[in-house]
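Participant: Dropping the structure in here first, questions after.
The values are calculated or read from the model by the stated rules, or taken from the named source; none is laboratory data. Keep in mind the model is a prediction, meaning the values are calculated, not measured. All Cβ positions, even for glycine, are placed from backbone atoms using ideal geometry, and neighbour counts span all protein chains on display.
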Amino acid sequence: MLIGSASALALTAVGGSTAWALDRFVLEHVAISDADSYEAQNSSTTTATVDDSDAVTTDTSFESDYASIQISTVVTGSGSDTVTYFVADVVLSDATVLRSAFADNSFGENIIDTTASIAEQNGAVFAINGDYYGFRDTGIVIRNGVAYRDEGAREGLAFYTDGSVKVYDETATTAGELVAAGVWNTLSFGPAILADGVVIDGIDEVEIDTNVGNHSIQGEQPRTAIGFVEDDHLLFVVVDGRSAGYSRGVTLPELAAILKGLGARIAYNIDGGGSSTMFFDGGLVNNPLGKGKERGTSDILYVQG
């Protein structure tokens, strides 16, 4: 849950100068300027062939030979207790159909663009915001079968080329070992909120990246989460929040209950707050912070149209 403005980040810097804060949290630091070329040169994975000649789209679903996507909107409660969330039930023909993309096609820190803009640049029919990897310099980052960062720090989520998904300890492995084992994409945020279909104890006390510039992930917040049902069957949930009368947001236990009710066996929380966005068929599905305006993020997960 990242604070959404450069000025806020600069002003909240503790024990350092404004210049340091701007350099750390605002100024772009590009490590790889053409991620597509970098992946083409370093990937050893054969990706699924996409043939969209038989694709049929509607305002709520997408069907093709390589992916089935069903979008639904759920509204519960009323008044100040209203919760509005969006579910994408996605079945893939091959795990590599689910891809990742960086803002400006560049890997580094503080490089941002909106989910919709990144999605459109990559021809996505469906996308959600990623883990905002570029806000931090730690965490294992593997995208589309290629390792970008090997700085294990927290509980990560790994998507494998065989369609399976696992929660893992980043500090107990390396990016190279994960790629060799068939990992296609990783996310580094958390926490995991479901294991074997059971809500994990203590998630209402976990904090992620409590360094300067972060907002607590606890309380009623806008959320983005990923659920694993079975191989190649995933659930993506975006909960709107911080908007009285439209959607208050949810706690992590409430988020876990949503994913459990949808049939997920594993579920993992990723960057939320103003970052929480779902894109489908050319436009936003949700209404970020009740204002209809996206905040920039570092990366997305998407299915190509």
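Participant: Given the structure, is Thr84 touching an Asp or Glu at 6+ places or on another chain (Cβ under 6 Å), at pLDDT 70 or above and assigned to a strand (DSSP E or B)?
Facilitator: Answer is yes for this residue.
Participant: State all residues of the range 91-107 that are surrounded by fewer than 21 Cβ atoms within 10 Å (Cβ to Cβ) and either in contact with a Cys (Cβ under 8 Å, 6 or more places away or on another chain) or in a strand (DSSP E or B) (or both); if no residue qualifies, say none.
Facilitator: Of everything in the range 91-107, those that are surrounded by fewer than 21 Cβ atoms within 10 Å (Cβ to Cβ) and either in contact with a Cys (Cβ under 8 Å, 6 or more places away or on another chain) or in a strand (DSSP E or B) (or both) turn out to be Val91, Leu92.
Participant: Look through Ala264, Ala257 and report the one residue that is more than 30 Å from Ser33 (Cα to Cα), in contact (Cβ under 8 Å) with a residue 40 or more places away in the chain and assigned to a loop (DSSP other than H, G, I, E, B).
Facilitator: Of the residues listed, the single one that is more than 30 Å from Ser33 (Cα to Cα), in contact (Cβ under 8 Å) with a residue 40 or more places away in the chain and assigned to a loop (DSSP other than H, G, I, E, B) is Ala264.
Participant: On to the next question. Look through Gly219, Gly249, Gly261 and report the one residue that is on the phi > 0 side of the Ramachandran plot and surrounded by fewer than 16 Cβ atoms within 10 Å (Cβ to Cβ).
Facilitator: On the way: Gly249 fails: surrounded by fewer than 16 Cβ atoms within 10 Å (Cβ to Cβ); Gly261 fails: on the phi > 0 side of the Ramachandran plot.
Every option except Gly219 fails the conditions.
Participant: Residues Glu170, Glu151: which one is among the charged types (D, E, K, R) and surrounded by fewer than 22 Cβ atoms within 10 Å (Cβ to Cβ)?
Facilitator: Answer to the check: Glu151.
Participant: Right, next: For the range 123-140, give me the residue count where each residue is buried (at least 19 other Cβ atoms within 10 Å of the Cβ) and farther than 19 Å from Gly272 by Cβ.
Facilitator: Number of matching residues: 3.
Participant: Given the structure, is Ile111 at pLDDT 95 or above, of a type in the set (Val, Ile, Thr) and surrounded by fewer than 24 Cβ atoms within 10 Å (Cβ to Cβ)?
Facilitator: It is true that Ile111 is at pLDDT 95 or above, of a type in the set (Val, Ile, Thr) and surrounded by fewer than 24 Cβ atoms within 10 Å (Cβ to Cβ).
Participant: Hey, can you tell me all the residues within the range 141-181 that are assigned to a loop (DSSP other than H, G, I, E, B), closer than 23 Å to Phe236 by Cβ and either free of Cβ contacts under 8 Å to residues at least 60 places away in the same chain or of a type in the set (A, V, I, L, M) (or both)?
Facilitator: Arg154
Participant: Moving on. Confirm whether Ser72 is over 20 Å from Asp232 (Cα atoms), of a type in the set (Gly, Ala, Ser) and surrounded by fewer than 16 Cβ atoms within 10 Å (Cβ to Cβ). Break it down into steps so the answer makes sense when it comes.
Facilitator: Details: over 20 Å from Asp232 (Cα atoms): no; of a type in the set (Gly, Ala, Ser): yes; surrounded by fewer than 16 Cβ atoms within 10 Å (Cβ to Cβ): yes.
In short, no.
Participant: If I ask for residues that are small (Gly, Ala, Ser), in a loop (DSSP other than H, G, I, E, B) and within 18 Å of Gly245 (Cβ to Cβ), which ones from the range 281-304 would you list?
Facilitator: Listed by number, the list holds a single entry, Gly292.
Participant: I need a count of the residues in the range 230-241 that are touching a Gly at 6+ places or on another chain (Cβ under 6 Å) and of a type outside the set (A, V, I, L, M, F, W, C).
Facilitator: 3
Participant: Among Ala175, Ala180, Ala192, Ala244, which is the only one that is surrounded by fewer than 17 Cβ atoms within 10 Å (Cβ to Cβ) and at pLDDT 95 or above?
Facilitator: Ala180
Participant: Report whether or not Gly139 is modelled with pLDDT of 95 or more, in contact with a Lys or Arg (Cβ under 9 Å, 6 or more places away or on another chain), at positive phi and not β-branched (Val, Ile, Thr).
Facilitator: On the way: modelled with pLDDT of 95 or more: yes; in contact with a Lys or Arg (Cβ under 9 Å, 6 or more places away or on another chain): yes; at positive phi: yes; not β-branched (Val, Ile, Thr): yes.
Yes: the conditions hold for Gly139.
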